[in-house]
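Have a look at the structure below before the remarks.
Each reported figure results from applying straightforward, stated rules to the coordinates on display, with no laboratory input. Nothing here was measured: the structure is a model prediction, and the numbers come from that model. Here Cβ is always computed from backbone atoms with ideal geometry, including for glycine, and neighbour counts include all displayed protein chains.
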Amino acid sequence: MITPTWCPRRLHALGDAEIGELADVLIDCVEGGASVSFMQPLSRDRALAFWRGVARAVAAGERALLVAEDAHGVCGTVQLVLDQPENQPHRADLTKTLVHRRARRQGLGAALMRAAETAARECGKTLLVLDAVTGGDGARLYERLGWVRVGDIPGYALMPRGGLCSTTVYYRDVGDQRCAVRSGRR
Ligand SMILES: CC(C)(COP(=O)(O)OP(=O)(O)OC[C@H]1O[C@@H](n2cnc3c(N)ncnc32)[C@H](O)[C@@H]1OP(=O)(O)O)[C@@H](O)C(=O)NCCC(=O)NCCS
């Protein structure tokens, strides 16, 4: 199989078409068993309502949203929560890394993460924080990309079909690498 070259892009406004395609990706991930805030079954109305809320936050500049597309439309996405307390202006939370099952294991998750890091720097953010189901597909992706593991919180959330799972908290310094080298930090 030829591996696609992914070109994630930042959306500054979402129309009904994008919201519908993002809802499809979210529903597919939850149906596939991903613990991403929702229980099964996730109705289309609930998924659409979630993305409409994200659209409002994007329009308000509170979130940065990245998407990647294939021939069928949006197949992957990730968000940065930019709106943080006034004593943490340099920080963002990275959330909802979602790849439709049709596009998995072709490097899209990694491409989305790298694009999110670039977008974070463009937004003046130098510290990213996220959490992921302990030992899950997301955690493996983040560790492969060099995110620093902080620790596990047992019994943090429910899996979409029920049953508690542990979450692992990660962070990543995405500050200017040249400055990091000059100051001896890595
Ligand atoms: C986690 C998730 C985003 C990863 O997306 P992805 O596009 O499959 O990620 P990648 O393709 O970059 O990497 C996934 C695997 O495919 C492998 N891979 C990447 N390109 C490949 C290629 N061309 N050929 C074969 N394998 C490849 C990677 O090495 C990695 O292997 P590993 O899991 O054994 O370490 C995706 O599984 C997902 O959306 N899961 C459901 C939602 C979720 O849990 N999100 C995380 C919330 S914290």
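Observations on the structure shown:
- Put simply, region 1-50 fits an ellipsoid with semi-axes of 22, 17, 9 Å; these come from the alpha carbon gyration tensor as the roots of five times its eigenvalues, largest first.
- Projected label distance in nm at Glu86 and Ala13, using a 7 Å step from Cα toward the beta-carbon: 3.1
- Choice from Glu117, Glu18, Glu143 with maximal GNM fluctuation in the chain (Cα, 10 Å cutoff): Glu143
- Projected label distance in nm at Ala157 and Glu143, using a 7 Å step from Cα toward the beta-carbon: 1.8
- Total formal charge among the other residues, if their Cβ is under 15 angstrom from that of Asp24, Lys/Arg +1 and Asp/Glu -1: -1
- Rounded to 10°, Cα long-axis angle of helix 44-59 versus longest principal axis of the chain: 30
- Mean ellipticity per residue at 222 nm, deg cm²/dmol - from DSSP H runs of n ≥ 4 across the chain, formula -39500 (n - 2.57): -10000 deg cm²/dmol
- Principal-axis tilt of helix 108-122 within the chain, Cα atoms, nearest 10 degrees: 50
- Value of relative contact order over region 19-145, rounded to a whole percent, pairs C-alpha under 8 Å and six or more apart: 22
- Chain lengthening between Glu122 and Gln40 when straightened (0.36 nm per residue, less Cα-Cα): 25.9 nm
- Taking the convex hull of Cα positions in the chain, its mean projected area over all directions (nm²): 11.5
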